[in-house]
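Peer 1: Dumping the structure here so I can ask a few things about it.
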Amino acid sequence: MNEFVFLYRGSGNMQSNRSPEEMEASIKRWQAWFNKLSEEGKLKDRGIPLLRESKYVAAGGTIIDGPFAEGKEVIGGISIIKAKDLAEAAEIAKSCPVFEAGGSVEVRPVTPM
Amino acid sequence: MSEPVRQVVEHLFREESGKLASSLTRAFGLARLESVEDIVQDTLLAALRNWSFRGVPENPTAWLHRVARNRAIDILRKRRRESEENAELVPGLREAAFTLELERNFLSWEIEDSQLRMIFACCHPGIPEESQIALVLKTLCGFSVREIASAFFTQESTIEKRLGRARKYFRDHHVELEAPTGLALTARSETVLACLYLLFNEGYKRTESEGLIQRDLCLEAMRLTLLLANHSETRSPNVYALLALMMFHAARFDTRTNEQGEIVLLSEQDRSKWNKELIARGLHCLVHSEPDLYSSSYHLEAAIQSLHATATSYKETNWSAILGLYKRLYAIKPSPIVALHMSVSLAEVHGANDAIALLEGLPLTNYYLYYAILGDTLLKADRRKEASEAFTRSIELTMNPRERLLLEERLSKIEV
C-alpha cells in the first residue's frame with residue numbers, strides 16, 4: 001500500500017450561500033465518506049481542515065497577505081489515503097463530497113521511504 | 001485508524017441557527033440583524049469545516065455557541081478600532097460588558113427567552129404579515145432565502161425584499177428586542193399567533209404538492225407555538241387552541257398522500273395510520289384551552305378538527321356538530337373560505353342541494369378548490385354535466401401538478 005495526500009480545493013470556501021440544512025447534510029456526507037474509507041482500510045489520516053486566510057512569505061523575507069488563488073483554487077483541507085497506486089487513489093477521489101460544493105481534489109503520491 | 005464518529009442530530013443546524021440568531025440579537029440589537037446573520041453563517045461554516053474532518057464534538061451545541069460568541073467579540077473589537085473617536089471612559093469596559101451580556105444570553109433558559117423575544121420582535125405590527133413570516137423563517141427557523149422562496153413558490157428577490165422591509169423597519173424605528181408586557185403583550189400575542197397559524201397553513205396546504213420543506217414549515221410553526229405554550233407569560237387559551245389545531249392536522253400528515261405521492265382525500269384516508277399520540281396530545285391541548293370559557297377561531301377550528309380526528313370513519317363523523325361549529329366560526333370570521341369548507345358538512349347534514357345553494361353565492365371564482373368542492377357536491381346531487389364542468393374549471397385553475405392529477409382522475413370517472 002502506498003500513501004497519497006489528498007488536497008481538497010474549494011471546500012468550505014464557496015459555501016457561504018448554503019442553508020443550514022445543506023451544510024448539515026454536507027457534514028454527514030463527509031463523515032460517511034471518511035467512515036467508508038476507514039472501514040476499507042484505505043484511510044491513513046482524516047487530516048485537517050484549513051482556514052482561508054494566509055500569509056505568503058517570499059524569498060528575502062517579504063510577507064504578503066494571501067490567498068492569491070480564487071475561491072475554488074484555495075486548499076481547504078488535506079487527508080492521507082492509502083491505495084495501491086496513483087490510479088486507484090484517483091478512483092477513490094472520484095467519490096469525494098468536495099465535488100458537491102463545486103470543489104476539486106488533487107492527489108499526490110507521498111515519496112516512499 | 002480513525003474512530004467511528006458521532007452523527008449530527010437531525011435539523012441541529014437549522015434549530016441552532018435560530019437560537020444563535022436570537023441570543024446574538026440581544027447583544028447586538030435588532031438594528032444589526034445583518035451582522036447577526038453573518039455571524040451565524042460563519043459559525044455554521046466553521047462547524048462544516050471542522051466536523052467534516054474531525055467529527056462532531058461531544059457537545060455540538062456548546063461548540064457552536066462558543067464559536068459564535070468569539071466571533072461576536074471579534075466583530076465588536078474590530079468595530080471599536082474603526083471608531084477610535086468614540087473613546088471610552090474606562091478602556092475595555094464596554095467589551096467586558098458585552099462579553100458578560102453574551103455569556104448570559106447563552107445560558108440555556110436565556111436562549112428560550114431570547115427566542116420568545118425574537119418571535120415577538122418579528123411579529124411587530126409595523127411589519128407586513130408576509131415580511132413577518134419571512135423573518136421568522138429566516139432568523140428563528142434557519143431557512144435560507146432560497147428555501148423560503150421555494151416553499152412559497154416565489155422568487156428569491158421577492159423574499160429578499162420582504163426581509164429588507166423588516167430589517168429597515170427595525171433600523172428606522174429603533175425597535176428594541178423586548179417582549180411587550182401587560183395589555184400590549186396580549187395585543188402582540190394575537191399577531192404572533194396569526195403569523196404562526198399562517199406559517200402552519202402555508203406548509204400544510206402545500207405538503208401535498210411538494211414535500212420536505214413544506215412539512216418543515218409545519219414543524220417549525222409547531223415548535224414555536226410549543227415554545228409559547230411552555231412559558232408562563234406567553235401561554236394562553238388561544239395558544240393551546242392553536243397548538244391543538246396543529247396537532248390534529250399533523251396527526252394526518254402521512255395519510256394525505258399515498259406511496260406514489262398522489263393525494264388521498266379525507267374520505268379515503270386510512271384512519272388506522274393517523275398518529276394516535278398526536279391526536280391524544282391535541283385533545284389534551286384542547287382541554288387546556290378552556291373551550292367552555294373561550295371560543296376564538298382557533299378554538300372552533302381545533303374543535304372541528306378534533307371531531308374529524310376522533311371519528312371512526314368518514315360516514316360516522318359527527319357532521320351536525322361540525323356544521324354547528326362552522327356556523328359559529330363563520331359568525332366571527334365571515335370569509336368565503338370558511339363558507340366553502342362549511343358547505344361540505346352542510347351537504348352531509350342537509351343534503352347536496354342546500355350546499356350547492358350556499359356555494360353558488362360565494363365569490364371564489366378564481367379558486368381551484370372552490371370548483372373541486374362544487375364539482376363534488378354537484379355529483380352528490382347527480383348533476384353530472386355541471387359537475388364535470390366544475391372539475392374542468394378546477395383543473396384549469398390549479399398550479400399544483402398533484403392536484404391536477406387527482407382532479408383529472410375524478411373527472412374521467414364521471415359518466416355524462
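Peer 1: Considering each of A:Lys84, A:Lys72 in turn, give the residue that is more than 30 Å from B:Pro57 (Cβ to Cβ) and touching a residue at least 40 places away in the same chain (Cβ under 8 Å).
Peer 2: Result of the check over A:Lys84, A:Lys72: A:Lys84.
Peer 1: Next question. Report yes if some residue within the range B:309-327 is more than 28 Å from B:His350 (Cβ to Cβ) and either touching a Pro at 6+ places or on another chain (Cβ under 6 Å) or at pLDDT 95 or above (or both); otherwise report no.
Peer 2: No, there is no match, as no residue in the range B:309-327 is more than 28 Å from B:His350 (Cβ to Cβ) and either touching a Pro at 6+ places or on another chain (Cβ under 6 Å) or at pLDDT 95 or above (or both).
Peer 1: Cβ-Cβ below 7 Å, separation at least six or inter-chain, first residue in the range B:109-124 and open to solvent by 10 Å² or more (accessible area, probe 1.4 Å), second among the acidic types (Asp, Glu): which pairs?
Peer 2: B:Arg117/B:Glu178
Peer 1: Of the conditions (1) at pLDDT below 95; (2) under 23 Å from B:Glu268 (Cα atoms); (3) open to solvent by less than 30 Å² (accessible area, probe 1.4 Å), B:Lys413 fails just one. Which one is it?
Peer 2: (3)
Peer 1: Here are some residues: A:Glu21, A:Glu53, A:Glu3. Which one is facing chain B (nearest Cβ under 8 Å) and either assigned to a helix (DSSP H, G or I) or open to solvent by 40 Å² or more (accessible area, probe 1.4 Å) (or both)?
Peer 2: Among A:Glu21, A:Glu53, A:Glu3, only A:Glu21 is facing chain B (nearest Cβ under 8 Å) and either assigned to a helix (DSSP H, G or I) or open to solvent by 40 Å² or more (accessible area, probe 1.4 Å) (or both).
Peer 1: What about B:Ser22, is it in a helix (DSSP H, G or I), at the interface with chain A (Cβ under 8 Å from one of its Cβ atoms) and surrounded by 19 or more Cβ atoms within 10 Å (Cβ to Cβ)?
Peer 2: Criteria not met by B:Ser22.
Peer 1: Within the range B:56-73, restricting attention to residues that are charged (D, E, K, R) and within 19 Å of B:Ser17 (Cβ to Cβ), which residue is surrounded by the most Cβ atoms within 10 Å (Cβ to Cβ)?
Peer 2: Among them, the one singled out is B:Arg69.
Peer 1: How many residues are surrounded by 17 or more Cβ atoms within 10 Å (Cβ to Cβ) and farther than 18 Å from B:Pro334 by Cβ when one looks only at the range B:357-372?
Peer 2: Selection size over the range B:357-372: 3.
Peer 1: Further, regarding this structure: With the structure loaded, tell me whether B:Trp51 is within 14 Å of chain A (Cβ to nearest Cβ), more than 22 Å from B:Val175 (Cβ to Cβ) and touching a residue at least 40 places away in the same chain (Cβ under 8 Å) or whether it fails that test.
Peer 2: Spelling it out, B:Trp51 is indeed within 14 Å of chain A (Cβ to nearest Cβ), more than 22 Å from B:Val175 (Cβ to Cβ) and touching a residue at least 40 places away in the same chain (Cβ under 8 Å).
Peer 1: Has the range B:71-83 got any residue that is modelled with pLDDT of 90 or more and within 14 Å of another protein chain (Cβ to nearest Cβ)?
Peer 2: Looking for residues that are modelled with pLDDT of 90 or more and within 14 Å of another protein chain (Cβ to nearest Cβ), one finds at least one in the range B:71-83, hence yes.
Peer 1: Need the failing condition index for A:Lys44 against (1) within 14 Å of chain B (Cβ to nearest Cβ); (2) open to solvent by less than 90 Å² (accessible area, probe 1.4 Å); (3) part of a strand (DSSP E or B), just the number.
Peer 2: Going through (1) within 14 Å of chain B (Cβ to nearest Cβ); (2) open to solvent by less than 90 Å² (accessible area, probe 1.4 Å); (3) part of a strand (DSSP E or B) one by one, A:Lys44 breaks only (2).
Condition check ((1) outside any helix (DSSP H, G or I); (2) over 30 Å from the mean Cα position of the chain (by Cα); (3) of a type outside the set (Asp, Glu); (4) under 30 Å from B:Ser150 (Cα atoms)) across all residues:
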{"residue": "B:Pro363", "(1), (2), (3), (4)": "yes, no, yes, yes"}
{"residue": "B:Leu379", "(1), (2), (3), (4)": "no, yes, yes, no"}
{"residue": "B:Ala387", "(1), (2), (3), (4)": "no, yes, yes, no"}
{"residue": "B:Arg402", "(1), (2), (3), (4)": "no, no, yes, yes"}
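Peer 1: Quickly run through the range B:255-282 and pick out the residues that are open to solvent by 40 Å² or more (accessible area, probe 1.4 Å), assigned to a helix (DSSP H, G or I) and touching a helix residue (DSSP H, G or I) at 6+ places or on another chain (Cβ under 6 Å).
Peer 2: B:Lys273, B:Arg281
Peer 1: So, B:Leu212, is that one modelled with pLDDT of 85 or more and within 20 Å of B:Phe152 (Cα to Cα) or not?
Peer 2: Considered against the rule, which asks whether it is modelled with pLDDT of 85 or more and within 20 Å of B:Phe152 (Cα to Cα), B:Leu212 comes out as no.
Peer 1: Also, I was wondering about something else. Quick test for you: out of B:Gly203, B:Gly182, B:Gly142, pick the one residue that is modelled with pLDDT under 90 and within 14 Å of chain A (Cβ to nearest Cβ).
Peer 2: Going through B:Gly203, B:Gly182, B:Gly142 in turn, just one is modelled with pLDDT under 90 and within 14 Å of chain A (Cβ to nearest Cβ): B:Gly142.
Peer 1: Considering only the range B:287-309, I want to know if a residue exists there that is under 15 Å from the mean Cα position of the chain (by Cα), open to solvent by less than 70 Å² (accessible area, probe 1.4 Å) and in contact (Cβ under 8 Å) with a residue 40 or more places away in the chain.
Peer 2: Looking for residues that are under 15 Å from the mean Cα position of the chain (by Cα), open to solvent by less than 70 Å² (accessible area, probe 1.4 Å) and in contact (Cβ under 8 Å) with a residue 40 or more places away in the chain, one finds at least one in the range B:287-309, hence yes.
Peer 1: Among the candidates B:Ser131, B:Ser144, which residue alone is free of Cβ contacts under 8 Å to residues at least 60 places away in the same chain, in contact with an Asp or Glu (Cβ under 8 Å, 6 or more places away or on another chain), hydroxyl-bearing (Ser, Thr, Tyr) and surrounded by 15 or more Cβ atoms within 10 Å (Cβ to Cβ)?
Peer 2: Selected residue: B:Ser144, the only one of B:Ser131, B:Ser144 that is free of Cβ contacts under 8 Å to residues at least 60 places away in the same chain, in contact with an Asp or Glu (Cβ under 8 Å, 6 or more places away or on another chain), hydroxyl-bearing (Ser, Thr, Tyr) and surrounded by 15 or more Cβ atoms within 10 Å (Cβ to Cβ).
Peer 1: Give the range B:310-334 a look and list any residue that's open to solvent by less than 30 Å² (accessible area, probe 1.4 Å) and part of a loop (DSSP other than H, G, I, E, B), or say none.
Peer 2: B:Ala311, B:Thr317
Peer 1: Restricting attention to the range B:333-367, and to residues there that are touching a helix residue (DSSP H, G or I) at 6+ places or on another chain (Cβ under 6 Å) and within 22 Å of B:Met247 (Cβ to Cβ), which single residue is modelled with the lowest pLDDT?
Peer 2: Only one residue fits best here, namely B:Lys333.
The values are calculated or read from the model by the stated rules, or taken from the named source; none is laboratory data. Given the structure is predicted, the values throughout are model-derived calculations rather than measurements. With ideal geometry, Cβ positions are generated from the backbone for all residues, glycine too; neighbour counts draw on all protein chains shown. In case anyone asks, the SASA skips ligands and DNA or RNA and just uses the protein heavy atoms, side chains included. Shrake-Rupley method; radii C 1.70, N 1.55, O 1.52, S 1.80 Å.
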